[in-house]
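Working notes, beginning with the structure itself.
The values are calculated or read from the model by the stated rules, or taken from the named source; none is laboratory data. Quantities reported herein were computed from a predicted structural model and do not represent experimental measurements. A quick note on method: Cβ atoms are made from the backbone with ideal geometry, for glycine too, and the neighbour counts reach across all protein chains shown. Surface accessibility is based on the protein's heavy atoms, side chains included, excluding ligands, DNA and RNA. Shrake-Rupley method; radii C 1.70, N 1.55, O 1.52, S 1.80 Å.
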Amino acid sequence: MIKVGIIGVGTVGTSVANILKENADVISARAGVDIVVKSGVVRNLSKDRGLDIILTDNVDDVLNDDEIDIVVELMGGVDEPFVVVKRALESGKAVVTANKALLAYHRYELQELAGNIPFEFEASVAGGIPIITALRDGLSANHIESIMGIMNGTCNYMMTEMTNNGISYDAILKEAQDLGYAEADPTFDVGGYDAAHKLLILASIAYGLDAKPEDILIEGIENVSSEDIAFAKEFGYAIKLLAIAKKDNNEVELRVHAALIKKDEMIAKIDGVMNGVSVVGDKVGETLYYGAGAGGDATASAVVANIIDIARSGKSTPMLGFNRPMEGDALTLKSSDKIESKYYLRINVTDKAGVLAQLSKIFESYNISIETMLQRSSENGSANLLISTHKAIEKNIQSMLKELEKLDFINFRPVMIRIV
């Protein structure tokens, strides 16, 4: 019999305990051994969780219990979970976690600590979608050319409603909060940080990169407006918050931001709170993974799958997919300034003669070529210029935007969205 201790018996932890009990027959058949939850750690012992397991508010009751074989960490956060997981590994206990923030900052330290002790984390990226297993095992014969994913259901729900139903950003954010999709402070989701943590985990498996959130380009959806969505529709695009990894020779670019993507792309068709990840391998081509990216049962499904894997073998595949460094030149992180992309710009200007001519000169001075431009009348004698460019370099776009902000006929800070 395998005994499990859950540290953090909240929504997901409760679902893990329930699945292991309710589906015990099929789980035992697949694992080849019975798996039971012995105990769980909670912050508030007075809250009824409807579980028939031992509950405690002291992590030592799990970590020091010699009968517990697998520790499931579902605390959230970074520093405290790192200490807890480190202690579990030092005690020789296998670990399963769904904590993307912990892994975004400490995955390589944890890999070294784990050694041959099983450490699994499928639920840390895209909830119930088995993208970790697919990337680490199913696509292990491939050089990964690119990863592009919708990895935050809150943002995808908001962008879907803004696009399909014309709801404003502020209104749909409030609705998402009322529905429980967004927190009272939504910055972690709408600012792109949640998706960035997940991208960093996938990039370690695909490319062996040890990057932190501070090292990569992270933007959110806060500045997307109805004008931007109207432009996207007119030119056959959808706007999504995308997490992107792309290999370019011996460099890999990592970025999270709102993006215009052609409507006929598979990833563009993923709507609502669902997640989707496209992975392109040099041998297999494009593969797409779709499903529920959050929620108690969906996330718990991935946690329990990891528990079963550990129970089957008693050992782990390499945590991040590599037994040793790749031969040849190591891949390095590409500077955000060197990223090349097409760009969409929304520039609110005073509607007067000579403005377009002056803007054209500024674009030309930064070697940025305009592909399309629409002018939409705005209020008080102003106009919105909606512009898409040919491929340009990120550094040039950012430098141009800083110059545009200083011009007296520019009424608001220009909005930029990349086109992929």
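Worth a mention:
- In order along segment 119-136, phi translates into HN-Hα couplings of 9, 10, 8, 3, 6, 6, 10, 6, x, x, 7, x, 6, 4, 4, 4, 6, 7 Hz, rounded to whole numbers, per the Karplus curve 6.51 cos²θ - 1.76 cosθ + 1.60 with θ = phi - 60° and x for Gly and Pro.
- Largest GNM mean-square fluctuation among V41, V252, V355, using the chain with Cα springs under 10 Å: V355.
- Top of K86, K352, K247 by mean-square fluctuation, Gaussian network on the chain, Cα under 10 Å: K352
- For segment 141-169, backbone nitrogen atoms closer than 20 Å to the point 7 Å from N323 Cα along Cα-to-C-beta are found at 141-144.
- Less than 5 angstrom separates the built amide H of A294 from those of G128, all sequence-distant by 5 or more or on a different chain.
- Full extension of the chain between L407 and D248 yields a length gain of 53.6 nm, computed as 0.36 nm times the residue separation minus the alpha carbon distance.
- Sorting the segments 187-197, 394-404, 258-268 by their mean number of nearby beta carbons within 10 angstrom, highest to lowest, gives 187-197, 258-268, 394-404.
- Once the chain from S46 to E227 is taken as fully extended at 0.36 nm per residue, the excess over their C-alpha distance is 60.2 nm.
- Pairs of alpha carbons in the chain whose separation is greater than 26 Å (percent): 58
- Considering all different alpha carbon pairs of segment 225-355, the Kirkwood hydrodynamic radius works out to 19.0 Å.
- Taking the accessible area of the chain, probe 1.4 Å, and keeping the other protein chains in place, the carbon and sulfur fraction comes to 46%.
- Of the GluC sites (Glu not before Pro) found in segment 1-104, the ones in coil according to DSSP and having at most 16 other Cβ atoms within 10 Å of their Cβ are E67.
- Placing pseudo-labels 7 Å out from each Cα toward the beta carbon at A29 and D185 gives an inter-label distance of 4.8 nm.
- Leading residue at positive end of dipole, segment 226-330 (Cβ point charges), from G295, P318, V284: P318
- Gain on full stretching of the segment that runs from D170 to S313 - 0.36 nm per residue minus C-alpha separation: 46.5 nm
- Using alpha-carbon coordinates, inclination of helix 169-178 to the longest axis of the chain, degrees: 20
- Degrees between helix 153-165 axis and first principal axis of the chain (Cα, 0 to 90, nearest 10): 40
- Computed with a 1.4 Å probe over protein heavy atoms only, the accessible surface of segment 148-283 comes to 38 Å² per residue.
- Dipole magnitude of the chain, debye to nearest 20 (Cβ charges: Lys/Arg +1, Asp/Glu -1, about Cα centre): 860
- Partners of K212 within straight-line reach, counting lysines whose Cα lies under 17 Å from its Cα and excluding those fewer than 8 residues away in the same chain: K100, K198, K246, K334.
- Estimated [θ] at 222 nm from DSSP helical runs (n ≥ 4, -39500 (n - 2.57)) normalised by residues in the chain, nearest 500: -10500 deg cm²/dmol
- Shown is the FRET efficiency for L333 and N116, computed with R0 = 30 Å from the Cβ-Cβ distance and rounded to the nearest 0.05: 0.55.
- Whole-percent P(r), segment 137-278, all Cα pairs, 5 Å bins from 0: 2, 10, 20, 22, 19, 14, 8, 4, 1, 0.
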